[in-house]
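Right, one structure below, let's go through it.
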Amino acid sequence: MKTFKEFQFGWWILILLLPIMIGMNIGVFHDSFKDVGIIPHLVFNITLLTIIAMFYGMTTRVEGDKVIITFGIGLIRKTIDVSKVKNINLVQNPLLYGWGIRMIPNGWLYSISGSEGVELQFADRTSIVRIGSKNAALLRNQIIEHAKLPALR
């Protein structure tokens, strides 16, 4: 059985954070920032670079009966046991839900771009998990196939 793997680039994080970082680095050479010092400047840059490294993209893999969601360089990850899934729906995430790792009504959202996704409902709990995807229909089919869930086909 072939492993499903999808990577989504989080362009929004670069659009938001790089101009701030560039502006602050240019500002260091301006007289108004002279009194700030190098340490706060380095801490600020390291903080922004860490955020970018942690959330520049999201990789979703379906391997066996697991869905593995990894953000950025891989320090943040979520593993979902799909053998406990009772239903999988295709969904459109409202803009209000945003991107990243979010608590949403009745569950959690893992998404880095776009609004398409799949919603997993579980047999052993009432909370849901929504996973953002460029191709939600393919992700849904792969989860069903890998988890051998004939009732959901």
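Summed over segment 66-93, the residues that are outside any strand (DSSP E or B) and at pLDDT 90 or above give a count of 4.
Quick one: in segment 103-115, of everything that is closer than 19 Å to Phe9 by Cβ and touching a Lys or Arg at 6+ places or on another chain (Cβ under 9 Å), which residue is surrounded by the fewest Cβ atoms within 10 Å (Cβ to Cβ)? Filtering segment 103-115 for residues that are closer than 19 Å to Phe9 by Cβ and touching a Lys or Arg at 6+ places or on another chain (Cβ under 9 Å), the one surrounded by the fewest Cβ atoms within 10 Å (Cβ to Cβ) comes out as Gly114.
Among the conditions (1) surrounded by 14 or more Cβ atoms within 10 Å (Cβ to Cβ); (2) under 20 Å from Ala137 (Cβ atoms); (3) of a type in the set (D, E, K, R), Lys78 misses just one, which is (2).
Does Val129 count as in contact with a Phe, Trp or Tyr (Cβ under 7 Å, 6 or more places away or on another chain) and outside any helix (DSSP H, G or I)? Judged against the criteria, Val129 is a match. Checking Leu48, Leu96 one by one, the residue that is more than 15 Å from the chain's Cα centre (by Cα), modelled with pLDDT of 90 or more and not in a loop (DSSP other than H, G, I, E, B) is Leu48 and no other. Residues that are under 11 Å from Asn89 (Cα atoms) and surrounded by fewer than 16 Cβ atoms within 10 Å (Cβ to Cβ) within segment 116-146 comprise just one, Ala137.
The values are calculated or read from the model by the stated rules, or taken from the named source; none is laboratory data. Because the structure is a prediction, the values reported are computed rather than measured. Here Cβ is always computed from backbone atoms with ideal geometry, including for glycine, and neighbour counts include all displayed protein chains.
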